[in-house]
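Enquirer: Before we start, here is the structure in question, set down as structure tokens.
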Amino acid sequence: MKKLNVNFPKNITKFESVMKKRFLIKTIFYKKIFRGKGFEFDGYREYTEGDDASLIDWKATVKSNKLLMRQYIEERDLKIFFIIDTGDNMALGSGEHMKNEIAAEIAACLAHLVVVSGDSMGFSLYNEKIVKNHGFSAGIRQFYYLEKNLIDPDVYKGKSDLKKALKFLLPYLKKSSAVFIISDFIRLGEEDLKILKEFMRRYETIGIMVRDPVDTKLPDLEKEVVVEDIYTGQQLLINPNLIKYEYEKNALEQKRKIENVFKKGGSDLLYISTDKDFINPLVEFLKSRVKLRRYIMPQR
């Protein structure tokens, strides 16, 4: 595969600039997004005016007949893990950027935010197997190691197999605070969805679905085209206009199925299209986690 068309410094700077403009101080907003990392349950105390009402424990309140809220003590380290799809399915782009390029840019922006805030980050790149796997570590060198692997053309090949990656990582991520899965989530079978549901039950999971416009809508062409299966080499002559309706219907149904899996699993899913800027949607997504009080909680 050719060298990726990415510019990590430019997009990281833009991402962090938007964060600062909208949320004043990046680190304050970061702490709120990942509020769970800084707080380990310590006990109860009576609620007083001005306290965060979301911390009221209603079961404990009923039992004690007093309005009680949960009290936490600060922890030191948040551990964020990135699972990034590097299969052939991500090497698609009908415009300026391919899906794997946008996925790499998003991972770089988020990973840089984690390490410069003093927390730990780890990652796995996968296709039909785990291509690269690196455990949790803090510091800017960890970010540079991720960056080096993200721009390595040799990791972008093979058929994507999410279920195999998640099965491998299920017992591996016991100490993780949260996991980002960055993929197009295309062609997932029932086994993939089953292990994804199990993964979300075990870990705080955030999905980022990166897709190209042609993943959901065929272009309007008045001529026949040849499509080729990249794995078998089999070619097929098609008229896009004849299959356009069924193609787009199936694509929408598949997308909704993934969305429902995340929703039922109590996990967040962000949709990113390769033909649009990802910075503002990513920042708004993080902002919404604060509004919805979706804080990343440490695993025990």
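The values are calculated or read from the model by the stated rules, or taken from the named source; none is laboratory data. Just so you know, these numbers come straight off a predicted model, no measurement behind them. Don't worry about glycine lacking a Cβ; one is built from the backbone with ideal geometry, like all the others, and counts go over all protein chains shown.
Enquirer: So which strands (runs of 3 or more DSSP E) stay within the range 1-98 end to end and still have 2 or more residues that are farther than 20 Å from Val283 by Cβ and at pLDDT 90 or above? Write out each step before concluding.
Expert: Values: elements: 40-46, 68-73, 79-85.
Once the strands (runs of 3 or more DSSP E) in the range 1-98 are filtered for at least 2 residues that are farther than 20 Å from Val283 by Cβ and at pLDDT 90 or above, what remains is 79-85.
Enquirer: Ser177 - would you say it is in contact with a Pro (Cβ under 9 Å, 6 or more places away or on another chain) and more than 22 Å from Tyr271 (Cβ to Cβ)? I'd like the intermediate steps shown before the answer.
Expert: Numbers: in contact with a Pro (Cβ under 9 Å, 6 or more places away or on another chain): yes; more than 22 Å from Tyr271 (Cβ to Cβ): yes.
Yes; evaluated as a whole, the condition is true for this residue.
Enquirer: Do we have any residue at all in the range 106-124 that's of a type in the set (Ser, Thr, Tyr), assigned to a strand (DSSP E or B) and closer than 30 Å to Tyr47 by Cβ? Talk me through it step by step, then tell me what you get.
Expert: Taking the range 106-124 and keeping what is of a type in the set (Ser, Thr, Tyr), we get 117, 120, 124.
Retained after the next criterion (residues that are assigned to a strand (DSSP E or B)): 120, 124.
Adding the requirement that they be closer than 30 Å to Tyr47 by Cβ leaves none.
Scanning the range 106-124, I find no residue that is of a type in the set (Ser, Thr, Tyr), assigned to a strand (DSSP E or B) and closer than 30 Å to Tyr47 by Cβ, so the answer is no.
Enquirer: What pairs can you find where one residue is in the range 204-217 and within 18 Å of Pro281 (Cα to Cα) and touching a residue at least 60 places away in the same chain (Cβ under 8 Å), the other is assigned to a helix (DSSP H, G or I) and not hydrophobic (A, V, I, L, M, F, W, C), and their Cβ atoms are less than 6 Å apart, with a gap of 6+ or different chains?
Expert: Val210/Lys99; Asp212/Lys99
Enquirer: While we're on this one: Identify all residues within the range 246-256 that are within 14 Å of Gly207 (Cα to Cα) and surrounded by 13 or more Cβ atoms within 10 Å (Cβ to Cβ); write none if there are none.
Expert: Of the residues in the range 246-256, the ones within 14 Å of Gly207 (Cα to Cα) are 255-256.
Listed by number, the list holds a single entry, Lys255.
Enquirer: What pairs come out if I take residues in the range 149-178 that are hydrophobic (A, V, I, L, M, F, W, C) and pair them with residues that are in a loop (DSSP other than H, G, I, E, B) whose C-beta lies under 7 Å away, six or more apart or interchain?
Expert: Sorted first by the residue in the range 149-178, then by its partner, the pairs are Ile151/Leu4; Ile151/Val6; Val155/Thr86; Leu162/Leu188; Leu173/Tyr203; Ala178/Glu204; Ala178/Ile296.
Enquirer: Looking for whichever is aliphatic (A, V, I, L, M) and surrounded by fewer than 16 Cβ atoms within 10 Å (Cβ to Cβ) here; the options are Ile140, Ile130. Which one fits?
Expert: Details: Ile130 fails: surrounded by fewer than 16 Cβ atoms within 10 Å (Cβ to Cβ).
Among Ile140, Ile130, only Ile140 is aliphatic (A, V, I, L, M) and surrounded by fewer than 16 Cβ atoms within 10 Å (Cβ to Cβ).
Enquirer: Restricting attention to the range 204-226, which residues are within 13 Å of the chain's Cα centre (by Cα) and part of a loop (DSSP other than H, G, I, E, B)?
Expert: Glu204
Enquirer: Looking at (1) crowded, with 20+ Cβ neighbours inside 10 Å; (2) more than 20 Å from Arg187 (Cα to Cα); (3) at pLDDT below 95; (4) in the same structural domain as Asp275 (by TED's automatic domain parsing), which is the only condition Ile106 fails?
Expert: (3)
Enquirer: Right, next: If we keep just the residues of the range 180-201 that are of a type in the set (D, E, K, R) and in contact (Cβ under 8 Å) with a residue 40 or more places away in the chain, which is farthest from Tyr271 (Cα to Cα)? I'd like the intermediate steps shown before the answer.
Expert: Quick first cut of the range 180-201, residues of a type in the set (D, E, K, R) only: 184, 187, 190-192, 194, 197-198, 201.
With in contact (Cβ under 8 Å) with a residue 40 or more places away in the chain added as a condition, the list becomes 184, 187, 197, 201.
On the way: Asp184: 9, Arg187: 16, Lys197: 19, Arg201: 21 Å.
Out of the qualifying residues, it is Arg201.
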